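Notes for the one structure printed next.
The values are calculated or read from the model by the stated rules, or taken from the named source; none is laboratory data. Computed from a prediction, not measured in an experiment: that's the story for all the values here. Cβ atoms come from the backbone with ideal geometry, glycine included; neighbour counts cover every protein chain shown. Note: areas computed on protein heavy atoms with side chains; ligands, DNA, RNA excluded. Shrake-Rupley method; radii C 1.70, N 1.55, O 1.52, S 1.80 Å.
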Amino acid sequence: MAAARGEGGPAARGECILEPLSLPESPASPDGVATVESSPSVPCIFCEECYVLAEQNQLLKHMIIEHKLVIADVKLVADFKRYVLYWKKRFAEQPVTDFCSVIRTNSEAPLEEQDNYFLLCDVLPEDRLLREQLQQKRLREILEQQQQERYDTSFHSMCMFCDQEFTGNRSVLLNHMAREHAFNIGLPDNIVNCYEFLAVLQEKLDNLQCLYCEKVFRDKNTLKDHMRKKQHRRINAKNKEYDRFYIINYLEFGKSWEEVQSEDDRELLDNLEEDWSDWEEHPVCAVCLFCEQQADTTEKLHLHMQKSHGFDFLKIKSELGLNFYQQVKLVNFIRREIHHRRCYNCQEKFQSKGGLISHMEETKHITFLPARSTWDQPQYYFPTYENDTLLCTLSDSEDLIPEDQSEDVPVVSEDISSLKALKQSSILNQLLCEENSSHDKS
């Protein structure tokens, strides 16, 4: 019957109410929760007043003012509508004082000015059991939804940053945004209700709002520059609006992701005394500036670039006397020019990366850098690729000075043959004399 009402009522008006269809409950269900009606409104526990679920605060206000009922920690109730329907049924069977603590206000005032408020909270075992069962039920629903999205191949959406279209599975789009735009909202398997999540983010961008600091800008280009330069291509973890899109927030009753994560961190701190002798560090691979070749050490990578492309990075670094920050800017400059398939020497553009590299190697343009003013710019402090491991392996130019060379640097000792004359002519001595004379005058 619940399914029949769901199909004949709101579905005909274009609404999609899944609960009565996918999770029907019998009247004698273990948790005692009555079957949810297809109506989107939530009734008052005591009277026939009804409110739309989105106006939950108005219903709570009504129950406090009109019926003196206070529900504690209402934000931790997983399914507010089922919770209200359950207690509406129970309060019809027994007096409210059998379930709620009575709080008397204005206790020292005359009797007619005193008020009794009723507190419904999880101190009552029945209330706590109900909350836990609703939490478990919601977790099952969320996991089923996440499983469905995980294997769904009918996903269709556009990238928020480059307007590229993606079809198939949601992971294709999420991985694209993380890889190409350094916008990482988490692993696909940790996200639920992905369509709604992307719609929320897209709406913020359409309203010219930064996703991280949430400031509003005057136009789209200003917003894009701000998010790129400030590295704000990420979401604000403090914004509770996003919590409903992550599985971790549904795992434990009454705990947010921050509390769950802090518990995990405490477990790690407790296990610091464990033996780490069998730890094996996996080498981090750096990628060549001109091709897809990777190497697990910088020495191998420099040797590859020198032999395969004729580009001697260490020689350029030594001849130009580049410090760490100048090396960073040079690497980012070359990365960006290669990404745009443009020769950094003659500025000629090519249709493919292979054509560009062939041109630069044949014309020897790969070995001749443009003027320092071209690449030694503040804009190249920002990495072209967020995961560019080569940047982490750069070192200052003074590290290249050989040890034997540092030993040959002559050290000239101070001439102290006439130490008495040196003391008398010392500027420090003159300052002390002036200081003493000024004290004597005062």
- prompt: Given the conditions (1) touching a Ser or Thr at 6+ places or on another chain (Cβ under 6 Å); (2) outside any helix (DSSP H, G or I), which single one is not true for L173?
  reply: (2)
task: Go through the residues of segment 430-438 one by one and say whether even a single one is part of a helix (DSSP H, G or I), at pLDDT 85 or above and either of a type in the set (A, V, I, L, M) or surrounded by 11 or more Cβ atoms within 10 Å (Cβ to Cβ) (or both).
output: no
query: Looking at this structure, is A28 assigned to a loop (DSSP other than H, G, I, E, B) and either modelled with pLDDT under 90 or open to solvent by 40 Å² or more (accessible area, probe 1.4 Å) (or both)?
result: yes
message: Take residues that are among the polar types (S, T, N, Q) and either in contact (Cβ under 8 Å) with a residue 24 or more places away in the chain or open to solvent by 60 Å² or more (accessible area, probe 1.4 Å) (or both) and tell me which of the helices (runs of 4 or more DSSP H) falling wholly in segment 275-383 contain 2 or more.
response: 298-309, 324-339, 372-375
- prompt: Does at least one position in segment 390-397 carry a residue that is closer than 28 Å to E180 by Cα, at pLDDT below 90 and surrounded by fewer than 13 Cβ atoms within 10 Å (Cβ to Cβ)?
  reply: yes
